[in-house]
Amino acid sequence: MRGISPHEAAAREAHEEAGVIGRVSPKPLGSFKATKSGAEGVNAVLDITLFPLEVDRRAEDWPERGLRTILWFEPEGAARVVKEPGLAALISRFRPSH
């Protein structure tokens, strides 16, 4: 996203996709590569950087509400259910600070 930092873009995506609002760390957890299928069967390889976000609240409405199923997990459970191996590895190494 132009005009904002990568961690701010991650926070915006989290709000648009899951309605979560909170404090995002400027320090990434890490990066991984993922393949995304596009129009007409064209695949693109994406470099994705993951930033931790401490959720303060969830909005009552958000742009992609109704397009996704929202489930909450502890990191270990989330690492087991995500489809991208690189994402699973980053999540499994994550240790929340309280």
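Table for the structure above
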read-out	value
Those residues of segment 41-84 which are at pLDDT below 95, assigned to a helix (DSSP H, G or I) and exposed (fewer than 11 other Cβ atoms within 10 Å of the Cβ), in sequence order	Gly41, Glu76
Residue list for segment 39-83, filter: among the charged types (D, E, K, R) and under 22 Å from Val24 (Cα atoms)	Asp47, Glu54, Asp56, Arg57, Arg58, Glu60, Asp61, Glu64, Arg65, Arg68, Glu74, Glu76
Check on Ser31, of a type in the set (S, T, N, Q) and under 21 Å from Trp72 (Cα atoms)	no
Scan of segment 5-34 for residues that are in a loop (DSSP other than H, G, I, E, B) and farther than 13 Å from Arg57 by Cα, ordered by number	Ser5, Ser25, Pro26, Lys27, Pro28, Leu29
Subset of segment 26-55 [touching a Pro at 6+ places or on another chain (Cβ under 9 Å) and more than 27 Å from Gly66 (Cα to Cα)]	Pro26, Lys27, Pro28, Leu29, Phe32
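The values are calculated or read from the model by the stated rules, or taken from the named source; none is laboratory data. Since the structure is predicted, the reported quantities are computational estimates derived from the model, not experimental observations. Don't worry about glycine lacking a Cβ; one is built from the backbone with ideal geometry, like all the others, and counts go over all protein chains shown.
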